[in-house]
């Protein structure tokens, strides 16, 4: 326990991690300025529609939208006749238009899912039954104001992985190399504690640091979004968030975000263990930093800047960076064929990260044990 506390102290005493975190949070939060604080009028209008979308409500939305469009057309004709320009919508009309559009959008999503179910009735491929079961579990009937949860989810996939990756690189890439460069490793290797005990302490400290990083930016993410956009819509189906309109998973925004954080954290633990291993075999801090950084960022460069085959893209997206993003695991129905059995991408990603992390941890222990024996 004393060694663990000492390793944690060495990590958290680095001033650079606090500077880096502050800079990254400021940069990633700049886009928040595009949002206006949700006012009472928005909440009031949405509360009228909140709840189960019955056929009567859907019909009412269609009629109300037609009436609003007629009003807008009349406004256009009036402005054209005067040769003037002006707002086509009042503030209240703009809010109502957004509600009607969301209701119409989710009806299109439902239609697409129903059509996909029909296609799967006679499909004979190995994962057709699994996809059918998933889609049947999707319930799009609940409607609410969901901007807060949607933006929290989006921040995690758009910025969270960058913050986690950068913070792990800054905080952990020198976890061993500092000892090598200062010559302290000679004393540690000959100490009664042994290299195995020290490696266990470093591993524990690295995982605690990774958890702290994720918890820190998640707190900023949730608090800022809920303050601006409100704490409503956590029971809204995931498909209301545009990036996931084709998702076959019957999850609410709350359920998805908790799963999203869990998978992100699993990949963060894996990347922390990888950095620990690279640092253990590297004598140079810069080499450890850039090697770990290359492993993290290279998959993104390959996918975004090269013309890879679809199968290669899918393989590359099982890297630390993309699993931390989580988004592609749930946006569409995708499986891995494991001896004829379909394994969902989210399940496969988590299992892959766990197996890879265990292997990297065991290799690190082996490397340090051999160093102990060689002295």
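The values are calculated or read from the model by the stated rules, or taken from the named source; none is laboratory data. Just so you know, these numbers come straight off a predicted model, no measurement behind them. Cβ coordinates were reconstructed from backbone atoms using ideal geometry, including for glycine residues, and neighbour counts include every protein chain displayed.
What number goes with the only condition from (1) under 30 Å from residue 217 (Cβ atoms); (2) modelled with pLDDT of 95 or more that residue 156 does not pass?
Residue 156 satisfies all of (1) under 30 Å from residue 217 (Cβ atoms); (2) modelled with pLDDT of 95 or more except (2).
Taking the criterion of being outside any helix (DSSP H, G or I), assigned by TED's automatic domain parsing to the domain that holds residue 284 and either modelled with pLDDT of 95 or more or crowded, with 19+ Cβ neighbours inside 10 Å (or both), would at least one residue in the stretch 206-214 satisfy it?
Step one: list which residues in the stretch 206-214 are outside any helix (DSSP H, G or I), which gives none.
Scanning the stretch 206-214, I find no residue that is outside any helix (DSSP H, G or I), assigned by TED's automatic domain parsing to the domain that holds residue 284 and either modelled with pLDDT of 95 or more or crowded, with 19+ Cβ neighbours inside 10 Å (or both), so the answer is no.
Touching a helix residue (DSSP H, G or I) at 6+ places or on another chain (Cβ under 8 Å), at positive phi, in contact (Cβ under 8 Å) with a residue 12 or more places away in the chain and buried (at least 17 other Cβ atoms within 10 Å of the Cβ) - does that describe any residue in the stretch 327-337?
Of the stretch 327-337, the ones touching a helix residue (DSSP H, G or I) at 6+ places or on another chain (Cβ under 8 Å) are 327-331, 333-336.
The next check asks that each one be at positive phi; those that pass are none.
No, every residue in the stretch 327-337 fails to be touching a helix residue (DSSP H, G or I) at 6+ places or on another chain (Cβ under 8 Å), at positive phi, in contact (Cβ under 8 Å) with a residue 12 or more places away in the chain and buried (at least 17 other Cβ atoms within 10 Å of the Cβ).
Among (1) without any contact (Cβ under 8 Å) to a residue 40 or more places away in the chain; (2) in a helix (DSSP H, G or I), where does residue 154 come up short?
(1)
Check residue 2 against each of (1) surrounded by 11 or more Cβ atoms within 10 Å (Cβ to Cβ); (2) at pLDDT below 90; (3) more than 28 Å from residue 156 (Cβ to Cβ) and name the one condition it does not meet.
Every listed condition holds for residue 2 apart from (1).
Sort out which residues of the stretch 51-81 are surrounded by 10 or more Cβ atoms within 10 Å (Cβ to Cβ), out of contact with any helix residue (DSSP H, G or I) (no Cβ under 8 Å at 6 or more places or on another chain) and modelled with pLDDT of 90 or more, and write them in order of number.
Selection gives 51, 54, 59, 60, 63.
Looking at 180, 244 in this structure, which one is at pLDDT 95 or above and either in the same structural domain as residue 322 (by TED's automatic domain parsing) or over 28 Å from residue 1 (Cα atoms) (or both)?
244
Please state which of the following conditions residue 35 fails to meet, knowing it meets all the rest: (1) surrounded by 11 or more Cβ atoms within 10 Å (Cβ to Cβ); (2) closer than 30 Å to residue 225 by Cα; (3) modelled with pLDDT of 85 or more.
Condition not satisfied by residue 35: (3).
Go through the stretch 323-348 and report how many residues are under 18 Å from residue 246 (Cβ atoms) and part of a helix (DSSP H, G or I). Working first, answer last.
To start, the set of residues in the stretch 323-348 that are under 18 Å from residue 246 (Cβ atoms) comprises 325-335, 342, 344-346.
Pick out the ones that are also part of a helix (DSSP H, G or I) and you get 325, 327-330, 345-346.
The number of residues fulfilling the criteria is 7.
Could you go through the stretch 193-201 and let me know if any residue there is at pLDDT below 90, surrounded by fewer than 17 Cβ atoms within 10 Å (Cβ to Cβ), in a helix (DSSP H, G or I) and on the phi < 0 side of the Ramachandran plot.
yes
State which residue is surrounded by the most Cβ atoms within 10 Å (Cβ to Cβ) when the search covers only the stretch 225-239 and only residues that are touching a helix residue (DSSP H, G or I) at 6+ places or on another chain (Cβ under 6 Å) and part of a helix (DSSP H, G or I).
Only one residue fits best here, namely 238.
With (1) touching a strand residue (DSSP E or B) at 6+ places or on another chain (Cβ under 9 Å); (2) surrounded by 17 or more Cβ atoms within 10 Å (Cβ to Cβ); (3) modelled with pLDDT under 95 as the list, and residue 348 as the residue in question, which single condition is left unmet?
(3)
Could you give every pair whose Cβ atoms fall below 6 Å, whose first residue belongs to the stretch 102-115 and is under 14 Å from residue 142 (Cβ atoms), and whose second residue is assigned to a helix (DSSP H, G or I), counting only separations of at least 6 or pairs across chains?
Close Cβ pairs (under 6 Å, with a partner that is assigned to a helix (DSSP H, G or I)) amount to 103/61; 109/239.
State which residue is farthest from residue 196 (Cα to Cα) when the search covers only the stretch 285-307 and only residues that are over 19 Å from the mean Cα position of the chain (by Cα) and surrounded by fewer than 13 Cβ atoms within 10 Å (Cβ to Cβ).
By that ranking, first place goes to 307.
Scanning for something in the same structural domain as residue 368 (by TED's automatic domain parsing), touching a helix residue (DSSP H, G or I) at 6+ places or on another chain (Cβ under 6 Å) and under 15 Å from residue 352 (Cβ atoms), does the stretch 291-302 turn up at least one residue?
Filtering the stretch 291-302 down to residues in the same structural domain as residue 368 (by TED's automatic domain parsing) leaves 291-302.
Okay, now just the ones that are also touching a helix residue (DSSP H, G or I) at 6+ places or on another chain (Cβ under 6 Å), so 291-293, 296, 299-300, 302.
Now drop any that are not under 15 Å from residue 352 (Cβ atoms), which leaves 299.
Yes, that holds for at least one residue.
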